[in-house]
1. Determine whether residue A:158 is assigned to a loop (DSSP other than H, G, I, E, B), within 14 Å of chain B (Cβ to nearest Cβ) and surrounded by fewer than 21 Cβ atoms within 10 Å (Cβ to Cβ).
2. Those residues that are more than 31 Å from the chain's Cα centre (by Cα) and of a type in the set (Asp, Glu), I need them from region A:515-566; list them, please.
3. Could you list, in sequence order, the residues of region A:12-30 that are crowded, with 22+ Cβ neighbours inside 10 Å, out of contact with any Lys or Arg (no Cβ under 6 Å at 6 or more places or on another chain) and among the β-branched types (Val, Ile, Thr)?
4. Taking the stated definitions as given, is residue A:477 within 19 Å of residue A:302 (Cβ to Cβ), touching a residue at least 40 places away in the same chain (Cβ under 8 Å) and in contact with an Asp or Glu (Cβ under 9 Å, 6 or more places away or on another chain)?
5. In the set A:493, A:517, which member is farther than 22 Å from residue A:101 by Cα, in the same structural domain as residue A:344 (by TED's automatic domain parsing) and either open to solvent by 20 Å² or more (accessible area, probe 1.4 Å) or part of a loop (DSSP other than H, G, I, E, B) (or both)?
6. When residue B:212 is evaluated against the numbered criteria (1) buried (at least 17 other Cβ atoms within 10 Å of the Cβ); (2) at positive phi, which criterion, by number, is the only one it fails?
7. Restricting to strands (runs of 3 or more DSSP E) lying wholly in region B:78-137: which have 3 or more residues that are more than 14 Å from chain A (Cβ to nearest Cβ) and open to solvent by 30 Å² or more (accessible area, probe 1.4 Å)?
8. Is it fair to say residue B:242 is within 17 Å of the chain's Cα centre (by Cα) and either part of a strand (DSSP E or B) or in the same structural domain as residue B:200 (by TED's automatic domain parsing) (or both)?
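The values are calculated or read from the model by the stated rules, or taken from the named source; none is laboratory data. Note that the structure is a prediction, hence the values are computed from the model and not measured. Cβ placement follows ideal geometry from the backbone for every residue including glycine, while neighbour counts extend to all protein chains displayed. For accessibility, only protein heavy atoms count, side chains too; no ligands or nucleic acids. Shrake-Rupley method; radii C 1.70, N 1.55, O 1.52, S 1.80 Å.
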Amino acid sequence: MNATNPDQINVILATDCGSTTTKAILIEKIDGHYRQTYRGEAPTTVEQPVADVTAGVINAATEVGELAGRRLVDEQGQLIRPVKPAGEGQPAEGCDIYISTSSAGGGLQMLVTGVVREMTAASAKRAALGAGAIVMDVIASNDRRKPHEQIQRIRELRPDMILMSGGTDGGTVEHVVRIAELIAPAKPQPRFGSGYRMPLIYAGNKEAAGLVREVFDDTVELSVVDNIRPVLERENLGPARDRIHDLFLEHVMAHAPGYDKLIAWTDAPIMPTPGAVGDILQQIAKARGINVVGVDIGGATTDVFSVFDGADGNPVFNRTVSANLGMSYSISNVCAETGMPNVLRWVHFDMDERELRNRVKNKMIRPTTIPQTLEALVFEQAVAREALRLAYIQHREFATTLKGVQQQRTVGDTFSQQKGGQSIVDNMKLDLLVASGGVLSHAPRMEQTAAMLIDAFEPEGVTELAKDSIFMMPHLGVLASVHPQAALEVFERDCLIYLGTCVAAKGRAKAGKNCFRYEISGEPINERGEMACGEIRRFPLSIEETAQIVIEPARGFDVGGGPGKRIEREVRGGEVGLILDARGRPLELPEDRDNCRSRVERWSRDLRLYSE
Amino acid sequence: MATAYTPGLRVTRRMRYRARRVLPIAGDVLVGAGDKVASQDVVARTELPGDATPINLANQLSLTPADVPGCLLKQEGERVEAGEILARTKGIFGMFKGEYVSKVAGVIESASQVTGQVIIRGEPIPVEVRAFVTGQVIEAMPGEGVVVEADVSFVQGIFGIGGEAFGPIVMACEDPSQEFAPELVHEEMQGAVVIGGARMPGETIRRAIDVGAAAVVSGGMDDADLKEVLGYDLGVAITGTEEIGLTVIITEGFGEIAMARQTFALLSSRAGAAASVNGATQIRAGVLRPEIVIPLVGEAAEPEEDVPTATHGGGVLEEGTLVRIIRDPYFGMIGTVAGLPSEPQVLGSGSKARVLEVACESGEKLTVPRANVEIIGG
């Protein structure tokens with residue numbers, strides 16, 4: 001790993017080694033600004049017959065090099081570093097730094113434990129998810145399972161590592177040791193590499209650390225870090241998170257084929273892909289001082305990330321993984337969880353349910369197929385709305401203020417008492433919603449991406465919508481650890497494609513009644529009018545343009561200023577433009593199938609979603 | 001430009017099949033390299049540590065945790081039987097002694113002075129690994145398992161439920177497009193791997209369970225029937241542990257779909273032969289599909305050189321390659337590749353994708369995305 005001065009970095013090669021594809025991008029400094037210039041991809045090579053991840057990296061880098069007209073790989077199959085300037089008749093070669101993320105082999109899978117499910121166990125789960133892990137289970141004293149059932153469960157799981165929390169510093173010792181006594185006899189086996197010991201991080205009551213150590217024999221590799229919840233009022237996720245990343249590299253990655261070589265190649269520690277996405281979203285939220293939600297919907301899982309102001313006004317990052325909500329491997333589970341009627345309510349024509357159920361299963365068993373007909377596309381996008389909606393509900397339930405915190409209240413709080421454990425995800429305060437993942441990124445029309453986001457997330461007030469152009473966020477997350485300025489520049493200029501701005505009113509009334517008046521003024525458009533309840537309308541406003549809007553909501557409706565209060569804002573354009581949404585929040589569709597179909601058909605037409 | 005690999009299911013009259021049969025944890029390997037084994041022979045054995053039962057004696061006997069070890073009548077490492085007194089308190093002046101009678105049998109693994117918890121480890125759980133396929137052990141990995149090799153006829157299905165099963169191949173349908181109706185299942189199919197044709201209704205599966213068939217194989221089935229047979233809606237395709245009374249394999253997909261002619265012909269040519277089947281399916285990175293393995297016997301089993309060993313089909317698409325369309329609106333249609341235009345085309349969905357032309361058995365010529373075909377046979 002090279003120590004490099006950020007000022008001397010002009011050419012950056014970044015890869016993301018996914019389960020199936022290794023994606024490489026080239027970032028170059030052009031006219032004083034960092035820009036993403038070329039991208040290439042190749043199949044990931046962690047399975048036989050190759051079983052060496054670096055082969056896929058070299059293939060992807062070679063493709064990028066060919067497209068860029070710049071040799072990045074030498075004859076020995078090594079990355080060329082540092083840059084060799086152009087000589088006589090020879091173009092420049094190589095890159096200054098090489099960085100990578102990885103989710104190959106199913107990513108990082110963890111078991112977390114705590115004493116109380118809603119307190120220390122919730123903090124441990126937040127730390128693991130924030131580090132980019134999939135949490136396989138949460139074991140806690142009050143998880144309603146009997147101790148022998150908990151031991152049995154730990155035996156069945158084969159996580160990559162275990163994070164154990166419990167007790168505030170100076171608090172319970174007995175309960176913490178009792179959890180250790182559930183893990184030790186279970187003799188948990190690591191997922192890969194029978195020859196290495198299960199990594200276990202202890203991040204609980206520091207006074208129990210010695211006793212916890214005594215419980216475990218040499219079948220686990222125990223490391224002790226600062227308490228994740230030193231006092232009930234405060235979380236301290238950083239040390240546990242850093243240790244997870246270290247162990248990810250030392251154990252999980254080191255046992256994956258070819259990763260020892262890859263670790264030696266990179267100029268910054270390899271990060272789990274979702275951890276890197278979380279990092280870049282936190283950077284952007286901090287840099288712009290905004291609240292952000294990001295979503296990545298894949299074939300098997302859906303990740304939701306959020307950065308919102310917490311109870312103390314400081315930004316709080318949360319990530320959730322909805323393990324069985326996805327568009328191919330898990331498509332059948334989405335339909336089972338939400339029910340076929342909930343999927344079909346987004347479809348504006350009739351479909352035979354038996355036939356559809358078979359189609360869903362066929363997509364599950366042949367996950368790489370793509371919709372050929374418009375009918376198949378509309379159905380897949382309907383499933384996506386439900387997958388996103390369910391994933392966001394799970395996220396909102398998880399991203400809460402700390403539970404178990406004592407609050408001092410005065411008489412004045414009598415009518416506005418806030419309990420601990422309230423969701424901090426507030427759609428009215430959401431400024432930017434970022435989409436990534438095949439069904440959102442590769443929708444044939446940007447309007448479809450915008451519509452899926454609005455229908456599933458139901459943003460309120462004024463919200464910018466964007467999508468990750470080529471799933472570059474992981475690369476930029478790890479880049480942010482070595483060169484934050486380069487990461488932010490590329491994020492704003494090349495990573496995000498702005499779809500536009502959605503202005504939505506919170507509240508409900510009968511269809512056809514006045515919802516809000518609007519006035520839009522700007523270079524390209526000057527319009528004023530009224531939106532009736534149940535309507536949605538799109539106004540062209542291109543990516544380089546902004547407009548001033550004035551919204552006067554009817555009584556009972558809120559667009560960000562409070563119920564019935566007028567707002568004035570500058571809004572940003574995008575590939576789709578400005579969308580005024582008067583369908584109400586929460587968004588409810590008619591239960592009657594005919595009414596629902598005609599309503600959805602009208603919305604599709606008004607947003608120009610399809611070419612019919 | 002890199003050549004795109006297209007997936008496919010392996011269906012072959014002869015291949016060299018290698019079954020890697022390993023224990024979940026280290027144990028004893030019972031056979032050696034060169035040994036001949038039958039499909040149901042046990043080739044390796046081990047014992048998993050027994051179930052651990054925690055008992056909080058401090059709570060049970062109203063003691064402080066520190067007093068628990070002193071009250072145990074048996075020490076760590078000693079055995080206790082169910083119904084035996086495990087601990088007795090000292091009482092007050094020797095009176096009012098409290099006792100705890102163990103509800104489980106096992107060995108005392110630990111007794112904690114911090115929590116007052118005692119862990120009793122139950123009987124070890126035996127685990128046996130069978131050969132799965134009749135053949136020869138070509139590698140014995142000490143403490144781990146073996147690799148068994150045999151020349152076999154091999155059919156990879158698309159989806160299955162249930163684990164390993166064994167039995168002779170018995171044909172129920174006369175044609176691959178014939179629906180596998182319940183009345184085609186007879187009492188004499190007990191213990192057999194029964195081969196259907198097209199769609200297999202849930203009633204057929206229930207009838208096959210009733211007669212005691214080892215497995216049923218057909219072209220397709222309805223999702224609604226799968227749900228009914230399983231008793232729940234399958235969310236993700238990770239199967240193999242279901243215990244419904246037999247193993248179910250479909251070779252083509254869900255819905256009204258006939259078994260590919262090539263597959264049906266191969267299976268009917270091996271009618272009566274002993275087969276090993278496994279319905280386990282895992283559709284994730286490192287995909288696992290159900291298998292029907294029929295070892296060659298007699299003259300057919302005479303050694304040949306250069307027998308292929310790959311258990312996965314697929315390859316590179318070329319003109320003339322036999323393919324199956326695997327997505328609506330042409331799901332299930334079979335034909336040969338008639339053209340591979342290099343430029344992406346706009347599909348009916350509005351997406352742009354690379355396509356290919358398929359000349360169907362019906363004479364029709366269809367254009368479909370390259371992602372929506374799989375190679376047959378191989």
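1. Values: assigned to a loop (DSSP other than H, G, I, E, B): yes; within 14 Å of chain B (Cβ to nearest Cβ): yes; surrounded by fewer than 21 Cβ atoms within 10 Å (Cβ to Cβ): yes.
When the stated conditions are applied, residue A:158 passes them.
2. Within region A:515-566, A:519, A:523, A:527, A:530, A:552 qualify.
3. Correct list: A:12, A:15, A:22, A:27.
4. Values: within 19 Å of residue A:302 (Cβ to Cβ): yes; touching a residue at least 40 places away in the same chain (Cβ under 8 Å): yes; in contact with an Asp or Glu (Cβ under 9 Å, 6 or more places away or on another chain): yes.
For residue A:477, the condition - within 19 Å of residue A:302 (Cβ to Cβ), touching a residue at least 40 places away in the same chain (Cβ under 8 Å) and in contact with an Asp or Glu (Cβ under 9 Å, 6 or more places away or on another chain) - is met.
5. Details: A:493 fails: farther than 22 Å from residue A:101 by Cα.
After applying the criteria, what remains is A:517.
6. (1)
7. Once the strands (runs of 3 or more DSSP E) in region B:78-137 are filtered for at least 3 residues that are more than 14 Å from chain A (Cβ to nearest Cβ) and open to solvent by 30 Å² or more (accessible area, probe 1.4 Å), what remains is B:125-130.
8. Here the answer is yes, as residue B:242 does meet what is asked.
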